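As structure tokens, the structure follows; a few thoughts come after it.
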Amino acid sequence: MTGKTAYLNGRYLPLAEAKISPLDRGFLFGDGAYEVVPVYSRRPFRLDEHLRRLQTTLDGIRLPNPHNAEEWKAIVLHVIAEADFADQSVYIEVTRGADSKRDQAFPIGVAPTIFVFTSPLITPTLEQRESGIAVISAVDIRWGRCDLKTVALLANVLMRQLAVDAGCAETIMLRDGYLTEGAASNIFVVQDGVILAPPKDYRMLSGITYDVVLELAAQHGMPHQVRPIAEAELRSADELWMTSSTKEVLAITTLDGQPVGKGTGAGKPGPILRRMYDWYCAFHDEVSRRADA
Ligand code: PDD
């Protein structure tokens with residue numbers, strides 16, 4: 001453990017020493033791809049899936065992947081080993097590099113910028129787990145490739161800030177009257193004991209946690225459907241959940257100031273969420289105990 005918790009273009013170094021050019025296309029144009037990988041007990045969770053999604057994003061923005069999966073794993077495991085904390089969040093970014101001029105068109109003969117760093121994994125607080133979180137809704141103003149995990153996140157930044165300004169934890173977005181996702185999360189609806197998830201297409205990011213939740217639902221025989229979710233269904237849900245690599249599976253208990261759910265359970269984390277969260281924790285604990293995880 002030497003505290004070299006960052007990697008930049010072939011070198012391991014302390015994060016404070018990692019420097020890039022102001023002409024980097026990630027900085028100028030948001031021209032890059034990224035991933036956030038949760039790490040439990042120094043074992044990355046679903047790393048193969050994160051690396052596959054990175055490949056999908058790189059293919060989608062026509063940026064050759066600078067590393068194969070084995071090389072990526074070696075880099076990720078190296079920064080994990082350098083940290084003095086066991087539960088981590090590893091950030092990976094690849095941009096189209098820094099040219100000597102500013103031009104939107106792809107540069108020729110320019111090396112990509114490759115940046116990885118690890119920080120402590122910040123999961124929801126006990127209070128958030130017990131009470132759930134409040135969210136607001138907004139019209140989804142993003143572009144037509146929300147399935148790509150690019151660093152061009154300005155719309156997500158504006159959406160997240162709307163939530164912060166309203167004293168809420170997240171903004172849920174709707175496009176043409178249908179649920180897409182959160183500013184930095186996927187959203188699930190529970191209606192009459194059935195878990196509903198919006199379909200994966202250009203309107204939302206294919207979440208790694210989203211996949212785990214649907215796999216766990218299938219494994220435990222919990223009814224679930226993947227289909228478009230209309231605004232009215234969102235607003236009359238029995239339960240709402242938010243999922244992401246760092247937030248895991250979290251109850252949304254207030255939407256636009258209204259309690260989520262009905263009867264005595266309104267405004268409280270629901271029974272199906274509690275079961276899913278337990279399954280999720282058991283699953284990542286099991287994975288992080290396995291030597292080949
Ligand atoms: N965000 N949708 C969006 C727009 C996201 O930014 C994220 C994750 C997700 C959930 O994906 P996953 O389950 O693979 O984490 C969905 C990360 C954590 C971030 O940008 O910090």
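Highest mean first, the peptides 31-37, 182-188, 264-270 sorted by other C-beta atoms within 10 Å per residue fall in the order 182-188, 31-37, 264-270. Each other residue within a Cβ distance under 14 Å of V94 adds +1 if Lys or Arg and -1 if Asp or Glu, for a net charge of -1.
Think of a 1.4 Å ball rolled over the protein heavy atoms: region 126-288 then has 43 Å² of accessible area per residue.
What whole-number distance in Å separates the alpha-carbon centres of region 133-158 and region 212-227? Taking the Cα centre of each part, region 133-158 and region 212-227 sit 25 Å apart. The mean sequence separation of alpha-carbon pairs under 8 Å and at least six residues apart, normalised by the residue count of region 120-190, gives a relative contact order of 31 percent. With Rh defined as the Kirkwood radius, the inverse of the mean 1/r over Cα pairs, the Rg/Rh of region 166-208 is 0.98. Applying 1/(1 + (r/R0)^6) with R0 = 22 Å to the Cβ-Cβ distance of A230 and A266 gives a FRET efficiency near 0.60. Nonpolar atom fraction for the chain, defined as the carbon and sulfur part of the 1.4 Å probe accessible area, stands at 56 percent. The mean sequence separation of alpha-carbon pairs under 8 Å and at least six residues apart, normalised by the residue count of region 1-106, gives a relative contact order of 42 percent.
Taking other residues whose beta carbon is less than 11 angstrom from the beta carbon of S137, and scoring Lys, Arg as +1 and Asp, Glu as -1, yields -3. The convex hull of the Cα atoms of region 6-120, projected and averaged over all directions, covers 6.9 nm². In this structure region 6-120 gives 47 Å² per residue of accessible area when probed at 1.4 Å with all protein chains present. In whole angstrom, region 126-288 maps to an equivalent ellipsoid with semi-axes of 22, 19, 16, each derived as √(5λ) from the alpha carbon gyration tensor and ordered largest first. Placing R0 at 22 angstrom, the Cβ-Cβ distance between V164 and K19 gives a FRET efficiency of 0.15 after rounding to 0.05. What's the local net charge at G60, with K and R +1, D and E -1, over the other residues with C-beta under 11 Å away? The answer is +2.
For region 1-74 versus region 240-293, the inter-centroid distance based on Cα atoms is 28 Å. When peptides 54-62, 121-129 are sorted by average Cβ neighbour count within 10 Å, with the highest value leading, the order is 54-62, 121-129. When +1 charges are put on Lys and Arg Cβ atoms and -1 charges on Asp and Glu Cβ atoms, the dipole computed for region 214-280 relative to its Cα centre reaches about 140 debye. Each label was represented as a point 7 Å from its Cα along the Cα-to-Cβ direction; for D256 and F283 these points are 3.1 nm apart. The alpha-carbon atoms of the chain define a convex hull whose volume equals 135 cubic angstrom per residue. Multiplying the residue separation of Y202 and Q55 by 0.36 nm and subtracting their alpha-carbon distance yields 51.3 nm.
The values are calculated or read from the model by the stated rules, or taken from the named source; none is laboratory data. Note that the coordinates shown come from a computational prediction; the quantities given were computed from them, not determined experimentally. Counting neighbours? That spans all protein chains shown, and the Cβs are built from the backbone with ideal geometry, glycine included. Protein only, heavy atoms only, side chains kept; ligands, DNA and RNA dropped before computing areas. Shrake-Rupley method; radii C 1.70, N 1.55, O 1.52, S 1.80 Å.
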